[in-house]
Amino acid sequence: MRIRKIMVVLVVAALASGCACRTKKVGPGDSNIGIAEEGKELKDINFAFDSYQLDSVARSLLQKNAEWLKANPSRRVQVEGHADERGTNEYNMVLGANRARSAQDYLRSLGIESGRMSTVSYGEELPLDPRHNEEAWAKNRRAHFNVN
Amino acid sequence: MRPNSIRFTLVILAFIVSIPFEAFAQTDIYIRGSGKLFPIALPQLCLQQGESQAVKEIPQIIARDLDLSGYFEVVSPDAYIETPGKCGGPESVVYTDWTVIGVEGLVRGTVIANGGNLTVQLYLYDVQKRSMVLGKEYSGDASQIKKISHRFANEILKFFTGEYGPFGTQISFSSRVGRFKELFVMDIDGSEIRQLTNDRGLAISSSWAPDGIHLVYTSYRNRVPDLFRMNINSRSVTQLTRGEPLELGAKYKRSEPASELLLASITTGRDSDIVLLNMSGAVVQRITPSNGAIDVSPEWSPDNSRIAFCSNRGGGPQIYTMAADGSNVKRISFVTSNYCTSPSWSPKGDKIAFVCRADAGFQIFVANADGSNALQLTSSGSNEDPDWSPDGRYLVFATTQGRAGSFVLAMMRSDGTSMKQLTSSRGGDSEPSWGPWEQ
């Protein structure tokens, strides 16, 4: 647990320091992608198979996330879009991008400034639950919110 | 072996000598379609001079190729009556030693090792007709044993089927390294796996330039996905795009080495379109309209006149083709599935392979380029990302068959027979791309 916490801190620190800088040396220990974890400050939202529509549960979670972001105006958020492993990697990468964008657009409609948000898709490549069953797939079809 | 492969190729070409036995012209096409496997034997070669492991390695490499081809049954050396490494020309073949163990084809040969250099003579015998039907001589150094073996395996395939084989070509793919995905390349028999990137993110969606030396791919090495090009020999990398949008599935024009345009999908907002990019990453032509649909995974037809792609414009993702300027769009996937992706256009232009959700997984289909006569080639596990061999006879793909959910790479004949596993999972192999024949 402690190691995991340290890793989270390191990754968040890396994200915070690395965003604006696009010519970065890659050294041992560096990571250029997020880690698969559940949201802490902001809750993940889930999607149906091959869908990037927001259902009522997702909308209410996004409303709570928007409230938190309004209460913490100095914080920025990167919205990660993810897909389950079914279907091919390229299509899922675009599906993840659309999921992230759906969440971002809804947060914007709730009054969160565009400048505080960015999106990235990891497609099916960073599953939260590595198992190969319906329960895992449902968890893995998600938008995740990295606060920094 | 790769770094100087062009030079090696030239050396081999310069040394290929037409020996008198070439006069044995091919008269019969022995093998058509699938059916009975042709039993063939590949005993240890004769060492005429010097010391070399080539006498053992060459028959082993050719045997692996012939096994992968799906046309041959390689009879185990344990069954051979002839003394391993026996020398002598055609007159020394005791045909009854081979007919008695059921062998119909026989590969024999000699190796002359002179310092670092090898001269290799390889012969194919038709055991039933009691005659030599193919003979080739190759010269090179010890590092070229594989190349020589693959060349003769291709000659054997050409003799039996009328078409040169894909042996000696390479496959690029993505594979897990810890939680990252890096780019790899291997020989098509699954050997010589080399890690190409150390981007510590996702290096995905690779495809080959017609020169067989450059790959284009998408990498998160700068935290966001961008398009890159790599020379796989020098490993030098050029970044082609920066920041938004998300570029995926970049493809060089087929058989046009000088082309400096890439077909790709770009995703901006919730719109994903097929475009042409120049090598600076700028969009020079938008081919699909910005209609809010996902248009992804573009593939040239072999003459670059049409493009196959995946789109969800009609609801779920399906396979479409269109002219190179975006006109004349036709849906071509009509199997009973609400989800089809990953088109791959055969080198002869007549077929398109793709993946559809079916039978509790994802399965590979091959249809005519107009969508007619779709055949389901796989039916168990999940099977994704098919890509054709340069001779159009085989498909490489990612499969979970017998793997409890994790993907490995496999190849099969394009009629779905003779599936052979190529990798043993490193924790998830995906998106194989089959390279061209050597230039």
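The values are calculated or read from the model by the stated rules, or taken from the named source; none is laboratory data. Given the structure is predicted, the values throughout are model-derived calculations rather than measurements. We place every Cβ from the backbone using ideal geometry, glycine too, and count neighbours over all the protein chains shown. Only protein heavy atoms, including side chains, enter the accessible area calculation; ligands, DNA and RNA are left aside. Shrake-Rupley method; radii C 1.70, N 1.55, O 1.52, S 1.80 Å.
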**Message:** Scan region B:156-165 and tell me whether some residue there is buried (at least 18 other Cβ atoms within 10 Å of the Cβ) and of a type in the set (Asp, Glu).
**Reply:** no
**Asked** Would region A:62-80 turn up any residue that is of a type outside the set (A, V, I, L, M, F, W, C) and under 29 Å from B:Ala360 (Cα atoms)?
**Response** yes
**Prompt:** Residues of region B:83-101 being in contact (Cβ under 8 Å) with a residue 12 or more places away in the chain, of a type outside the set (Ser, Thr, Tyr) and either farther than 18 Å from B:Gln49 by Cα or loosely packed, with under 12 Cβ neighbours inside 10 Å (or both), which ones?
**Reply:** B:Gly88, B:Pro90, B:Val93, B:Val94, B:Asp97, B:Trp98, B:Val100, B:Ile101
**Item:** strands (runs of 3 or more DSSP E) contained entirely in region B:114-206, each with at least 1 residues that are outside the structural domain of B:Leu68 (by TED's automatic domain parsing) and among the hydroxyl-bearing types (Ser, Thr, Tyr)
**Value:** B:170-177
**Request:** Taking the residues in region A:75-93 that are outside any loop (DSSP other than H, G, I, E, B) and in contact (Cβ under 8 Å) with a residue 60 or more places away in the chain as candidates, determine which candidate is surrounded by the fewest Cβ atoms within 10 Å (Cβ to Cβ).
**Result:** A:Gln78
**Fill in**
When region B:324-349 is checked residue by residue, the ones that are within 21 Å of the chain's Cα centre (by Cα) and loosely packed, with under 14 Cβ neighbours inside 10 Å are B:Lys348
**Request:** Identify, from the list B:Thr268, B:Thr238, the residue that is over 26 Å from B:Phe184 (Cα atoms) and free of Cβ contacts under 8 Å to residues at least 60 places away in the same chain.
**Result:** B:Thr268
**Prompt:** With respect to the numbered conditions (1) open to solvent by less than 30 Å² (accessible area, probe 1.4 Å); (2) within 14 Å of another protein chain (Cβ to nearest Cβ), which one is the sole condition not fulfilled by A:Leu42?
**Reply:** (2)
**Message:** Out of the residues in region B:309-323 meeting the condition of being at pLDDT 95 or above and among the small types (Gly, Ala, Ser), tell me which one is surrounded by the most Cβ atoms within 10 Å (Cβ to Cβ).
**Reply:** B:Ser311
**Item:** So B:Asp67, is it open to solvent by 50 Å² or more (accessible area, probe 1.4 Å), of a type in the set (D, E, K, R) and either modelled with pLDDT of 95 or more or outside any loop (DSSP other than H, G, I, E, B) (or both)
**Value:** yes
**Fill in**
Pairing a residue in region B:140-154 that is under 16 Å from B:Leu45 (Cα atoms) with any residue that is of a type in the set (Asp, Glu) and part of a helix (DSSP H, G or I), where Cβ atoms lie under 7 Å and the two sit 6 or more apart in sequence or on different chains, gives B:Ile145/B:Glu57; B:His150/B:Asp65; B:Ala153/B:Asp65
**Prompt:** Restricting attention to region A:124-144, which residues are of a type in the set (S, T, N, Q) and over 18 Å from A:Leu61 (Cα atoms)?
**Reply:** A:Asn133
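For (1) closer than 30 Å to B:Ala203 by Cα; (2) open to solvent by less than 10 Å² (accessible area, probe 1.4 Å), each residue gets a yes or a no:
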{"site": "A:Trp68", "(1), (2)": "no, no"}
{"site": "A:Pro73", "(1), (2)": "no, no"}
{"site": "A:Leu95", "(1), (2)": "yes, yes"}
{"site": "A:Met117", "(1), (2)": "yes, no"}
**Message:** Please go through region A:97-115 and give me each residue that is in contact (Cβ under 8 Å) with a residue 40 or more places away in the chain, within 10 Å of chain B (Cβ to nearest Cβ), surrounded by fewer than 24 Cβ atoms within 10 Å (Cβ to Cβ) and not basic (Lys, Arg), ordered by number.
**Reply:** A:Ser102
**Prompt:** Which ones in region B:365-384 are under 30 Å from A:Arg131 (Cα atoms), open to solvent by 20 Å² or more (accessible area, probe 1.4 Å) and part of a strand (DSSP E or B)?
**Reply:** B:Gln376
**Message:** Can you tell me which of (1) polar (S, T, N, Q); (2) touching a Pro at 6+ places or on another chain (Cβ under 7 Å); (3) at pLDDT 95 or above is the one B:Asn231 doesn't meet?
**Reply:** (2)
**Item:** B:Met419 vs. criteria of a type outside the set (Asp, Glu) and touching a helix residue (DSSP H, G or I) at 6+ places or on another chain (Cβ under 8 Å)
**Value:** no
**Asked** Considering region B:207-223 alone, what residues qualify as being at negative phi, crowded, with 20+ Cβ neighbours inside 10 Å and outside any strand (DSSP E or B)?
**Response** B:Ala209, B:Tyr220, B:Arg221, B:Asn222
**Message:** Exactly one of these conditions fails for A:Gly81: (1) over 17 Å from the mean Cα position of the chain (by Cα); (2) at pLDDT 90 or above; (3) closer than 30 Å to B:Phe397 by Cβ. Give me its number.
**Reply:** (1)
**Prompt:** Which condition does A:Lys64 not pass, out of (1) in a loop (DSSP other than H, G, I, E, B); (2) more than 14 Å from chain B (Cβ to nearest Cβ), if it passes all the others?
**Reply:** (1)
**Asked** Does B:Pro289 meet the test of being at pLDDT below 95, under 18 Å from B:Tyr320 (Cα atoms) and more than 20 Å from the chain's Cα centre (by Cα)?
**Response** yes
**Request:** Determine whether region B:347-359 contains at least one residue that is within 10 Å of another protein chain (Cβ to nearest Cβ), farther than 26 Å from B:Gly435 by Cα and in contact with a Ser or Thr (Cβ under 8 Å, 6 or more places away or on another chain).
**Result:** yes
**Prompt:** Just to be sure, is B:Glu192 touching a residue at least 24 places away in the same chain (Cβ under 8 Å), away from chain A (no Cβ under 14 Å) and on the phi > 0 side of the Ramachandran plot?
**Reply:** yes
**Prompt:** Take the residues of region B:41-52 that are in contact with a helix residue (DSSP H, G or I) (Cβ under 8 Å, 6 or more places away or on another chain) and either closer than 17 Å to B:Asn114 by Cα or small (Gly, Ala, Ser) (or both): which is most open to solvent (accessible area, probe 1.4 Å)?
**Reply:** B:Leu47
